[in-house]
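This report refers to the structure that appears directly beneath it.
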Amino acid sequence: MAPSPAMQEQDMPGSFKYGVSTYSYVDDYGSVMTLEDAFDHIADTGATGIEILGEGQIEGYPNPSSQFLDRWFGLLDKYKLEPTNMCSWVDMRITLQRNLTVEEGAAELERDLRLAHQLGFKFLRPKFGVLSHDLIPEPQWEAYAERNLDLAHKLGVVICPEIHAPTPIKHEVVDGYINFIERTGTKNFGLMIDTGIFQDRPLTHWGSHQINDEARKHMEFLNGIKVPPEHFLDVAQYVVFIQAKFHDIDENLEDQNIPWQPVISAIKRSGYSGYLSSEYEGWRAPWRSIDQVRRQHVLLRKLEREYDEGKFA
Amino acid sequence: MLEHQLIQSTGFRNFGPVGAREGFAIRIRIPNYHGTRLSQLDGFDVTVDGVFYDHEINRFGIRDEVYTMAEMREEITARWGLTEWGEILVDKPGGLEPGVHKIEVVARIRYSYFPPDVHIFPMHAERFGTICIA
């Protein structure tokens, strides 16, 4: 049987893979959407990958029942989706009184690595605690990760902390992660880029929160930190996963916040061929997210095609 | 399944013996986009019909357990799943009159990955709710 045009396209070197994060469906999930509904919505965009929030979609986290595991693998099979990235959290401020010890933090990461592997994920994004407004992670992150590198290698999972607004690419947070990769020589640690860093126009809604002047004052990044897309090229060799963050795409397929054409151009020129995993983070009106994700998939595929056809560089 | 909004319609009720009610409960979904350990919640301020009830005093019930604020702050094993509801238990001798009440909740969720000074993130919700039974 001849491969379908879609398959040929996927096999081209330098072409993207398309996925969706269930984060896109926050608030709808559990109220107007089940796990199977989410699979249906994701598969119907033509995506090949599903990204989840570990302590979200996994019933009984961190110890799912065999019944849940059967359902999970059944859904992957039925909807022809592969698990991409699992999001996790390391609760640095474990109580109001004290922070995690190195042993406890490493154990949190180990727990999620094993769980991600059990469910078939290839990437794990741990969210480390931070110490400042520009999101400098707690220094213990390095010990948590280093103690788990052998395990990650054995399981075939890549640990990828996220570069997220208000942290830009040219920043000591990113330098710290890159130094770690260089020092250890590991293939099981990389960068995840959240495309919200390229946002160049203000948000009107941030998830379920309508943004008022007070919020803008405390969280200036909501107006966009405007990282030049070209900066992606400087770190591309370390990037293993992209969360395609967005907030509002209108009926003419114009994104109101993220400048996709130069962003896609930079990512294409870098040779990146991993996932673009949709992360809708706009207004949380019931069901709005479903069509917003569909719009983003059309928009991103159109831009990738136009880039390949030489319509922009 | 849950209602889309934080404060649920069902579960807004009086508790304690009929005729000697001890207070009222407000059912909510988790004020977060993922499940968490209970220690990551720093309580719930409640205002009903303009009367304020402090998060330090309100208790929290989930499944078959009830936690005081002090107990919840130290509870690092028990978790609140994304699709489970919990309830805020507010002491008010006599409870609330049957009928429609204005409910406001400020859920104080803690994020280790937010800057320290804003790591307790207040999530505000308000709506009218109806007490059915005295």
* To do: Only residues that are within 14 Å of chain B (Cβ to nearest Cβ), surrounded by fewer than 15 Cβ atoms within 10 Å (Cβ to Cβ) and outside any helix (DSSP H, G or I): list them for segment A:217-254, please.
  => none
* Residue check, A:Gln237 against (1) of a type in the set (S, T, N, Q); (2) touching a Pro at 6+ places or on another chain (Cβ under 9 Å); (3) within 27 Å of A:Ile178 (Cβ to Cβ), all met but one. Which one? -> (2)
* Top-ranked residue in segment A:94-111 [being outside any loop (DSSP other than H, G, I, E, B) and in contact with a helix residue (DSSP H, G or I) (Cβ under 7 Å, 6 or more places away or on another chain); ranked as farthest from A:Thr45 (Cα to Cα)] -> A:Val102
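When you scan segment A:79-86, do you find a residue that is within 12 Å of chain B (Cβ to nearest Cβ) and at pLDDT 95 or above, even just one?
At the first step, the residues of segment A:79-86 found to be within 12 Å of chain B (Cβ to nearest Cβ) are A:86.
Applying the additional criterion that residues be at pLDDT 95 or above yields A:86.
Looking through segment A:79-86, at least one residue is within 12 Å of chain B (Cβ to nearest Cβ) and at pLDDT 95 or above.
Regarding A:Leu115, is this residue of a type in the set (A, V, I, L, M, F, W, C) and in contact (Cβ under 8 Å) with a residue 12 or more places away in the chain?
Answer is yes for this residue.
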* Asked: Is there any pair linking a residue in segment B:52-72 that is within 11 Å of B:Val90 (Cα to Cα) to one that is among the hydroxyl-bearing types (Ser, Thr, Tyr), with Cβ under 6 Å and at least six apart or on different chains, and which?
  -> B:Arg59/B:Thr68; B:Phe60/B:Tyr67
* To do: Filter segment B:84-121 down to residues that are surrounded by fewer than 17 Cβ atoms within 10 Å (Cβ to Cβ) and modelled with pLDDT under 95 and give me whichever is farthest from the other protein chains (Cβ to nearest Cβ).
  => B:Phe121
* Taking segment B:39-60 as the search range and keeping residues that are in a loop (DSSP other than H, G, I, E, B) and in contact with a strand residue (DSSP E or B) (Cβ under 6 Å, 6 or more places away or on another chain), which one is farthest from B:Trp80 (Cα to Cα)? -> B:Asp49
* **Residue tally, condition crowded, with 20+ Cβ neighbours inside 10 Å and within 11 Å of chain A (Cβ to nearest Cβ), over segment B:34-63** => 8
* Asked: Counting only residues that are on the phi > 0 side of the Ramachandran plot and assigned to a strand (DSSP E or B), how many does segment B:86-126 have?
  -> 1
* **Pick from segment A:266-297, criterion buried (at least 19 other Cβ atoms within 10 Å of the Cβ) and hydroxyl-bearing (Ser, Thr, Tyr), ranking: farthest from B:Leu6 (Cα to Cα)** => A:Tyr272
* Asked: Does segment A:254-272 contain at least one residue that is under 23 Å from A:Thr84 (Cβ atoms) and in contact with a Pro (Cβ under 6 Å, 6 or more places away or on another chain)?
  -> yes
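Against the definition (within 14 Å of chain B (Cβ to nearest Cβ), over 15 Å from B:Tyr33 (Cβ atoms) and out of contact with any Phe, Trp or Tyr (no Cβ under 8 Å at 6 or more places or on another chain)), how does A:Asp37 come out, yes or no? So that I can check it myself, show each step before the final result.
Working: within 14 Å of chain B (Cβ to nearest Cβ): yes; over 15 Å from B:Tyr33 (Cβ atoms): yes; out of contact with any Phe, Trp or Tyr (no Cβ under 8 Å at 6 or more places or on another chain): yes.
When the stated conditions are applied, A:Asp37 passes them.
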* Asked: Does A:Ile42 meet the test of being in a helix (DSSP H, G or I), touching a strand residue (DSSP E or B) at 6+ places or on another chain (Cβ under 7 Å) and either more than 10 Å from chain B (Cβ to nearest Cβ) or more than 26 Å from B:Leu38 (Cβ to Cβ) (or both)?
  -> yes
* **Leading residue by the ranking (nearest to A:Gln296 (Cα to Cα)) among those in segment A:52-78 that are within 13 Å of chain B (Cβ to nearest Cβ) and among the charged types (D, E, K, R)** => A:Glu55
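Look through A:Asp91, A:Asp134 and report the one residue that is under 23 Å from A:Asp194 (Cβ atoms), touching a Pro at 6+ places or on another chain (Cβ under 8 Å), within 11 Å of chain B (Cβ to nearest Cβ) and outside any strand (DSSP E or B).
A:Asp134
Scan segment B:11-33 residue by residue and report those that are under 12 Å from the mean Cα position of the chain (by Cα), more than 20 Å from A:Asn63 (Cα to Cα) and within 11 Å of chain A (Cβ to nearest Cβ).
In the first step, residues of segment B:11-33 are kept if they are under 12 Å from the mean Cα position of the chain (by Cα); the result is B:11-12, B:24-31.
Now restrict to residues that are more than 20 Å from A:Asn63 (Cα to Cα): B:11-12, B:24-29, B:31.
Result: B:Arg29, B:Pro31.
The values are calculated or read from the model by the stated rules, or taken from the named source; none is laboratory data. Note that the structure is predicted; figures quoted are calculated from it, not measured. FYI the Cβ positions are ideal-geometry reconstructions off the backbone, even for glycines, and counts take in every protein chain you see.
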